Amino acid sequence: MEKKKLQSISIAALIVSILPLAALVPSFLHLSLSDGIRTVWAGANIVFVLLGLILSVVCVRNRESRSVINIVSTAVSAFWLLLMVGIVALALFLSFVQ
């Protein structure tokens, strides 16, 4: 029962980790979104990255539930988190340089 629960959590973590890629869809379709929708989408992406990382870490911490799916979802979530931190650091640096 516990293993099946962790397996469904690991699949959910992978799906949530990949969801920030949906932000690229309007760009591929040459759609322009309003500022409000872009703000909501950015907030949702932040939530998806953090939720995916938390779910992935919960699954990877348990030695019996470690699998390729868990490791991939952890790596994807960590990549998104590092990318977001880098963007914020760059924005802060550029604002102080001006």
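The values are calculated or read from the model by the stated rules, or taken from the named source; none is laboratory data. Not measured: the values here are computed from a predicted model. Surface accessibility is based on the protein's heavy atoms, side chains included, excluding ligands, DNA and RNA. Shrake-Rupley method; radii C 1.70, N 1.55, O 1.52, S 1.80 Å.
How much length is gained on full extension from residue 28 to residue 12, taking 0.36 nm per residue of separation minus their Cα-Cα distance?
3.2 nm
Rounded to the nearest whole Å², what accessible area per residue is found for the stretch 1-97 with the 1.4 Å probe? Walk me through the intermediate numbers first.
On the way: 7000 Å² over 97 residues.
Per residue, the stretch 1-97 has 72 Å² of solvent-accessible surface.
Expressed as a whole percentage, what fraction of the accessible surface of the stretch 1-97 belongs to carbon and sulfur atoms when a 1.4 Å probe is rolled over the protein heavy atoms? Working shown, then result.
Details: 5430 of 7000 Å².
Roughly 78 percent, rounded to a whole number.
Rg(Cα) of the chain divided by 2.2 N^0.38 Å?
On the way: Rg = 16.2 Å, N = 98, 2.2 N^0.38 = 12.6 Å.
Normalised by 2.2 N^0.38 Å, the Cα Rg of the chain equals 1.29.
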